[in-house]
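*Asks:* This structure is in C-alpha cells; I'll ask about it shortly.
The values are calculated or read from the model by the stated rules, or taken from the named source; none is laboratory data. Since this is a predicted model, take the numbers as computed values, not measurements. Glycine also receives a Cβ, built like all others from the backbone with ideal geometry; neighbour counts cover every protein chain displayed.
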Amino acid sequence: MQQEASAPPLAGLRIIEFAGIGPGPFAGMMLADMGAEVIRIERPNAGSPTGQGAHELDFLARGRRSIALNMKAPGAVDLALRLVETADGLIEGFRPGVMERLGLGPDVCRARNPRLVYGRMTGWGQNGPVSKTAGHDLNYIALSGALWASGEAGRAPSFPLNLLGDFGGGGMFLAFGMVTGLLKAARTGSGDVVDAAIVDGTAALMSMIYSRRAMGLWRDERASNALDGGVPWYGVYECADGGWVTIGALEPQFWAVLLDRLGLTAQEMGDRADRGTWPAMRARLTGVFKSQPRDHWVDLLQDTDACFAPVLSPAEAPGHPHNQARGIFSEGVVQPMPAPRFTDASTPLPTTPPAPGADSRAILTDLGLAADEIEALFSGGAVT
C-alpha cells in the first residue's frame, strides 16, 4: 500500500502578511502553498487585493486567512503586535518608513518577538538614493541591466511582462529570504530582518550574463548573443497558420537532431562558428517553419532532442499533454498548482482566497480574546 504523503513542508509556521500588491502577495502565496499558515492583515473595505475582479479569483491571495484592521483606530496597532507575538515571520511591502510610522517597524516587532523573521519587500531597497521614490517592475529591471538586454536588435527593449522583476527578482527572493531567515531562527533562536529589493534580486538573476560579460563571451548588443535571439538555432519562428514555435538547439548534438528531422544538412546550413553564415541560416529556418502549420512541427519535433516546444497561449497551456500529465494547472477554475513538488510532503491546492476580513472573528478568538473584547474592537472600528 502506498504511504500517504506527510504534511506540507512549512506546516506549523505562522506568517503575518500586511496586504499589498504584486511581489509581496506572491511571496505570501509561495509560503502558503508550502503549508505555512498565513494571516493577511487587510485595510477595511479593501475589496479584492489586486483591486480588480472578484477576490476569489485573486490567486496570489490563496491559502490565507484574512483580518481587516483600521490602523488609525485605537487598539488596532496593539492587536497587530499581539498577532506578531504568535508568528514566526512577517512580510510587508510598503515604502521604507511606512511600517515605522505605524508603530510596527522591525525594532518594535522584534522587541515583542525576538525569533521573528521580518521580511520587507520593496523595489529599490530600504536605502539608497532613490529608495523612497515610487517605481514599478519596469523601472527596477531597467536599473539592473536586465531590461536593456531584452528584445530585438535595433528596437526598444521589450517587456518580459512583470515576471522578471516583481515575481522573479522580487517575490521569489523574499520567499527565499524568509525561509532562510526561518532556518536561522530555528538554529539560533534569533530572527532577522530581510531586505528584499526587486533591483537586487533582478541583478542576481543576471549573474550568468554578467559572468559571460566578464569572460568576454557577451556582447552588449541586443539579439547578438546565444541566449537573446542572436543565433538562428535559439529563437522563435512563425508557422504557416500564424502560430509560433521555439528552437533551442544550442549544443551540436541537438542541432544535428533538428537538421535531421527537418531534412537539412550541416553542409548546406553552414558553419555555426562563422557569424557571417547566421543571416542565411536564419532565413532558411524561417522559410522552413513558415511552410507548415504549428501542429505539423509539433508532430515532427516534440518527442525528439531537437529542443523544441510550441508557443502556447495561456488558454492553450493547461491543455497540453505534458502540463496535464504533471498536473501543472488545476482543474475547474484554471490556476497554476503549487511548485516545487516534494516526494515525502504534500502540496495540494490551497484554499480559495478569502474576502478581506472574512476571518476576523475567528482569528481574534484563536488569539485568546474574550467575546466582549472582540465586540469592543468591532464597535470601536479597529476591526471590521
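*Asks:* Could we say that LEU264 is without any contact (Cβ under 8 Å) to a residue 12 or more places away in the chain, within 28 Å of LEU312 (Cβ to Cβ), more than 33 Å from the chain's Cα centre (by Cα) and surrounded by 15 or more Cβ atoms within 10 Å (Cβ to Cβ) here?
*Replies:* No, not satisfied.
*Asks:* Anything in segment 138-186 that is at pLDDT 95 or above and of a type in the set (Ser, Thr, Tyr)? List them, or say none.
*Replies:* TYR140, THR180
*Asks:* OK, next. Hey, does segment 300-310 have a residue that's touching a helix residue (DSSP H, G or I) at 6+ places or on another chain (Cβ under 9 Å) and more than 30 Å from GLY270 (Cβ to Cβ)?
*Replies:* For segment 300-310, residues touching a helix residue (DSSP H, G or I) at 6+ places or on another chain (Cβ under 9 Å) and more than 30 Å from GLY270 (Cβ to Cβ): absent.
*Asks:* So in segment 92-108, with the set limited to residues that are over 23 Å from SER190 (Cβ atoms) and in contact (Cβ under 8 Å) with a residue 60 or more places away in the chain, which one is farthest from the chain's Cα centre (by Cα)?
*Replies:* PHE94
*Asks:* Further question on the same structure: Give me the residue from segment 122-163 that is surrounded by 18 or more Cβ atoms within 10 Å (Cβ to Cβ) and of a type in the set (Val, Ile, Thr) and, out of that set, farthest from ALA203 (Cα to Cα).
*Replies:* Taking the candidates together, the pick is THR122.
*Asks:* Same structure again: Looking at segment 328-355, I want the residues that are at pLDDT below 95 and have a partner that is among the aromatic types (Phe, Trp, Tyr) and surrounded by 15 or more Cβ atoms within 10 Å (Cβ to Cβ) with Cβ atoms under 6 Å, at least 6 apart or on another chain. Which pairs are those?
*Replies:* none
*Asks:* Additional query: Just to check your reading of the model, which residue among LEU183, LEU174, LEU143 is in a helix (DSSP H, G or I), farther than 30 Å from PRO9 by Cα and either of a type in the set (A, V, I, L, M) or without any contact (Cβ under 8 Å) to a residue 12 or more places away in the chain (or both)?
*Replies:* LEU143 is the lone residue from the list that is in a helix (DSSP H, G or I), farther than 30 Å from PRO9 by Cα and either of a type in the set (A, V, I, L, M) or without any contact (Cβ under 8 Å) to a residue 12 or more places away in the chain (or both).
*Asks:* Among the residues in segment 113-135, are any assigned to a loop (DSSP other than H, G, I, E, B), within 27 Å of VAL334 (Cβ to Cβ), under 22 Å from the mean Cα position of the chain (by Cα) and not β-branched (Val, Ile, Thr)?
*Replies:* The answer is no; no qualifying residue exists.
*Asks:* Looking at segment 198-245, which of the residues that are outside any helix (DSSP H, G or I) and aromatic (Phe, Trp, Tyr) is surrounded by the most Cβ atoms within 10 Å (Cβ to Cβ)?
*Replies:* TRP233
*Asks:* Could you name every one of the helices (runs of 4 or more DSSP H) located completely within segment 246-335 that has at least 1 residues being within 26 Å of ALA223 (Cα to Cα), touching a strand residue (DSSP E or B) at 6+ places or on another chain (Cβ under 8 Å) and aliphatic (A, V, I, L, M)?
*Replies:* 252-262, 278-290, 294-301
*Asks:* Now for a separate question. Does at least one position in segment 280-287 carry a residue that is among the aliphatic types (A, V, I, L, M), out of contact with any Cys (no Cβ under 7 Å at 6 or more places or on another chain), under 28 Å from GLY248 (Cβ atoms) and free of Cβ contacts under 8 Å to residues at least 12 places away in the same chain?
*Replies:* yes
*Asks:* Please tell me if PRO348 is part of a loop (DSSP other than H, G, I, E, B) and at negative phi.
*Replies:* Against the criterion (part of a loop (DSSP other than H, G, I, E, B) and at negative phi), PRO348 qualifies.
*Asks:* State all residues of segment 186-197 that are of a type in the set (A, V, I, L, M, F, W, C) and either surrounded by fewer than 23 Cβ atoms within 10 Å (Cβ to Cβ) or assigned to a helix (DSSP H, G or I) (or both); if no residue qualifies, say none.
*Replies:* Hits for segment 186-197 are ALA186, VAL193.
*Asks:* Does ALA214 satisfy the criteria of being at pLDDT below 95 and within 22 Å of ARG275 (Cβ to Cβ)?
*Replies:* Answer is no for this residue.
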